[in-house]
Amino acid sequence: MTVPGTFAAALAVAVSERARVRPGDPALITLTYRGADCLPRPLTYGELHTAAGSLAAELRACTDPGARVAILCEHGPDYAIAFLACLYSARVAVPLFPVTPHRNIDRLVAVVADAEPAVSLVSPGAEAGTRDSEAAAGRVLAVPVDPLPAEPVLDPVGDHPAYLQYTSGSTKSPAGVEISHKNLTAALEQLRAGLPPATVKPIVTWLPFFHDMGLVLALSLPLYTGVLAVTLPPAEFAKRPIRWLRACSDYRAGTTAGPNFGLALAVTATTAEERAGLDLSELDLLINGAEPIRPESLAAFSKLFAPCGFRHDAHTPGYGLAEATLPVTFAAPESPPLVEEFDRGELAAGRAVPATIPTQAVALVGCGTPAGQRVRIVDPLRHRVVTDGEVGEIWVAGPNVSAGYFRRPQASADVFGARLPGDDERWLRTGDLGFVHAGQVFPAGRLKDMIIVDGRNHYPADIEATAAGVSPEVRAGHIAAFGIDHGDHETLVLVAELDDRLADPVTVARRIRAAVTAAHDITPADVMLVPRGQIPKTSSGKLRRGECRARYRAGAFTRLIQPPIQLSF
């Protein structure tokens, strides 16, 4: 219950109300695996409400309202309980991941140092390991195993954020986006209104809850709307991608989601025997976001899983970012994805012109229309809105947009305080390039990742796609193209993870260099082949090209072949 006349977190209110009227209904089912056996672990609304309320009482006893609370729990019911406990008690959640030898401990340490949490919430049994780690901060509390029955209290939220969503920036300088309770509620309402199928049938995902897409779409949205959430840990998906699709089939999912590399893995890492008996006919939405969407991945997935009942129209491309809580644009649920081919040279000049010569065509995927907010494509230097078909920076304004970064006033002013002439609106500068074509927003790449050689712009994702197309020996999604600034000129470098032990690295590198030179009229200064696991990526699977550049300059990559013959520029 709440104190009369106060405002409690909308998500907390929704869960508590369902616990009152439907306490025995499952809110979340977590799938774990022992060999070939799937072990579902259900969490009912009554259990979630009671456990979150018990943990919230502990947080009230040892912290003040608005205190920051790090969530270092395992993926699954403990994570849901910890997040709801923060909302119940009006403490600021900091969604992170457990302390384990296999995770990025350096990033965890940096984020904890920046957030300075008063409490760290962990899964039962992880208390000692967390306290002894470099990431220990504040008091370590375990999620209760058998909470005492009680009537949980929902505290008024106050002016502090609901949570800090740390973005995939550099390890040395993590940035926490302050997501208010109103931001979260607005984002959930935008998703509910724009994606009706997601509110009537189960949502099945493997997205990590510490990432914005996982926290908002995979956990918060189903709890908010009352549909069943089914989740499997990301590591279980990575081990056997068929587990994701088998869960969609078994639970008759209407909605699922994931970045592009997840679709690619489902195509390349599942067998005909594993796919036998799959029924994906109930899927209305396969939401695709968090990294560049490849038309060939959509087509390959549809072709392979059409015999299982999957409909191509279910592909739902979207664009969003942590600074906007999650959603910015998404395609209409009932329409097939819009794929268009544009002239590569015209794109480099900042114009989206349909291609007429196949060899000069680059295929891009439309990411739909604004999800209950305002989107403008803006010249990043002159701060003027460009016309449809012109490439510019994507700017966003709406109730889901954060007010800024935690303890970073200058960065907040620069990123969240942009202005347009004659407009009093406060705009978010996303740092992403894009354009409007046929009524849809087409993201085109990161502004800071643009490669400029001989006065011409080159999109790294386009170059990476060309390289991937001629090098099946390279690990899918693990090719990074970036520029090296030499002061008076810039050169192109590609780093790729070789995935075929029998392949000749020299031959693969030469093939990539030839293909990029022919398609883009730019000769790479270096094509470096490295072992698996060397290219850094974000928690959502995006390439960290800036980090790749820094590692390349520092000589931190393990090269599988000797440096190429030096080219003159």
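The values are calculated or read from the model by the stated rules, or taken from the named source; none is laboratory data. Just so it is clear, the model here is predicted, and its values are computed rather than measured. Cβ coordinates were reconstructed from backbone atoms using ideal geometry, including for glycine residues, and neighbour counts include every protein chain displayed. Just the protein is used for accessible areas: all its heavy atoms, side chains included, with ligands, DNA and RNA removed. Shrake-Rupley method; radii C 1.70, N 1.55, O 1.52, S 1.80 Å.
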Inset, instruction - Go through region 300-323 and give me each residue that's touching a residue at least 40 places away in the same chain (Cβ under 8 Å) and under 25 Å from T538 (Cα atoms). - result: T316, P317, G318, Y319, G320, L321, A322, E323
Inset, instruction - Within region 534-559, track down each residue that is in a loop (DSSP other than H, G, I, E, B) and modelled with pLDDT of 90 or more. - result: Q534, I535, G555, A556, F557, T558, R559
Inset, instruction - Answer yes if at least one residue in region 318-329 is open to solvent by less than 20 Å² (accessible area, probe 1.4 Å) and either over 24 Å from the mean Cα position of the chain (by Cα) or farther than 30 Å from I179 by Cα (or both), and no otherwise. - result: no
Legend entry - Top-ranked residue in region 228-273 [being assigned to a loop (DSSP other than H, G, I, E, B) and open to solvent by 10 Å² or more (accessible area, probe 1.4 Å); ranked as farthest from V401 (Cα to Cα)]: T271
Inset, instruction - Being without any contact (Cβ under 8 Å) to a residue 60 or more places away in the chain and closer than 20 Å to S281 by Cβ is the filter; apply it to region 192-207 and report the residue that is most open to solvent (accessible area, probe 1.4 Å). - result: V200
Inset, instruction - Working only within region 402-412, note down all residues that are out of contact with any strand residue (DSSP E or B) (no Cβ under 7 Å at 6 or more places or on another chain) and surrounded by 13 or more Cβ atoms within 10 Å (Cβ to Cβ). - result: R407, R408
Inset, instruction - Could you tell me whether region 86-107 includes any residue that is charged (D, E, K, R), open to solvent by 10 Å² or more (accessible area, probe 1.4 Å) and assigned to a helix (DSSP H, G or I)? - result: yes
Inset, instruction - Check region 24-34 and report whether any residue there is in a helix (DSSP H, G or I), free of Cβ contacts under 8 Å to residues at least 60 places away in the same chain and charged (D, E, K, R). - result: no
Inset, instruction - Starting from region 330-347, take each residue that is under 15 Å from H520 (Cα atoms) and list its partners that are among the charged types (D, E, K, R) and outside any loop (DSSP other than H, G, I, E, B), counting only C-beta distances under 9 angstrom and pairs at least six apart or across chains. - result: F342/R351; D343/R351; R344/D462; G345/R456; L347/D462
Legend entry - Scope region 384-401; condition of a type in the set (D, E) and open to solvent by less than 10 Å² (accessible area, probe 1.4 Å); matching residues: E393
Legend entry - Selection count where residues are out of contact with any Gly (no Cβ under 7 Å at 6 or more places or on another chain), outside any loop (DSSP other than H, G, I, E, B) and either without any contact (Cβ under 8 Å) to a residue 12 or more places away in the chain or under 25 Å from V13 (Cα atoms) (or both), scope region 122-164: 7
Inset, instruction - For W395, work out the one condition from (1) within 30 Å of L283 (Cα to Cα); (2) without any contact (Cβ under 8 Å) to a residue 40 or more places away in the chain; (3) of a type in the set (A, V, I, L, M, F, W, C); (4) part of a strand (DSSP E or B) it doesn't fulfil. - result: (1)
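Let's see how each residue does on (1) in a loop (DSSP other than H, G, I, E, B); (2) among the aromatic types (F, W, Y):
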residue	(1), (2)
S297	no, no
L304	no, no
P307	no, no
D313	no, no
Y319	no, yes
V328	no, no
E334	yes, no
P337	yes, no
E341	no, no
Legend entry - In region 23-48, the residues that are open to solvent by 20 Å² or more (accessible area, probe 1.4 Å) and touching a helix residue (DSSP H, G or I) at 6+ places or on another chain (Cβ under 6 Å): P23, D25, Y33
Inset, instruction - Would you please list the contacts, defined by Cβ atoms under 6 Å and residues six or more apart or on different chains, that run from a residue in region 180-191 that is in contact (Cβ under 8 Å) with a residue 60 or more places away in the chain to a residue that is open to solvent by 20 Å² or more (accessible area, probe 1.4 Å)? - result: S180/P161; T185/A10; A186/P399; A187/L326; L188/Y224; Q190/G372
Legend entry - Identity of the residue in region 208-254, in contact with a helix residue (DSSP H, G or I) (Cβ under 6 Å, 6 or more places away or on another chain) and acidic (D, E), that ends up nearest to D284 (Cα to Cα): D212
Inset, instruction - Would you mention how many residues in region 518-539 are surrounded by fewer than 20 Cβ atoms within 10 Å (Cβ to Cβ) and among the hydroxyl-bearing types (S, T, Y)? - result: 2
Legend entry - Qualifying positions in region 130-180 - within 30 Å of T225 (Cβ to Cβ), open to solvent by 10 Å² or more (accessible area, probe 1.4 Å), within 20 Å of the chain's Cα centre (by Cα) and not small (G, A, S): Y166, T167, E178
Legend entry - Subset of region 476-498 that is of a type in the set (D, E, K, R) and modelled with pLDDT under 90 - its residue that is surrounded by the most Cβ atoms within 10 Å (Cβ to Cβ): E490
Inset, instruction - With the condition kept exactly as written, say whether any residue in region 457-471 is assigned to a strand (DSSP E or B) and in contact (Cβ under 8 Å) with a residue 60 or more places away in the chain. - result: yes
Inset, instruction - Could you tell me whether region 235-247 includes any residue that is of a type in the set (G, A, S) and in contact with a His (Cβ under 6 Å, 6 or more places away or on another chain)? - result: no
Inset, instruction - Scan region 443-456 and give yes if some residue there is closer than 21 Å to V339 by Cβ and touching a Cys at 6+ places or on another chain (Cβ under 9 Å), otherwise no. - result: yes
Inset, instruction - Looking only at region 60-72, decide whether some residue is in contact (Cβ under 8 Å) with a residue 40 or more places away in the chain, charged (D, E, K, R) and assigned to a strand (DSSP E or B). - result: yes
Legend entry - Number of positions in region 97-121 that are in contact with a Lys or Arg (Cβ under 9 Å, 6 or more places away or on another chain) and closer than 20 Å to P65 by Cα: 7
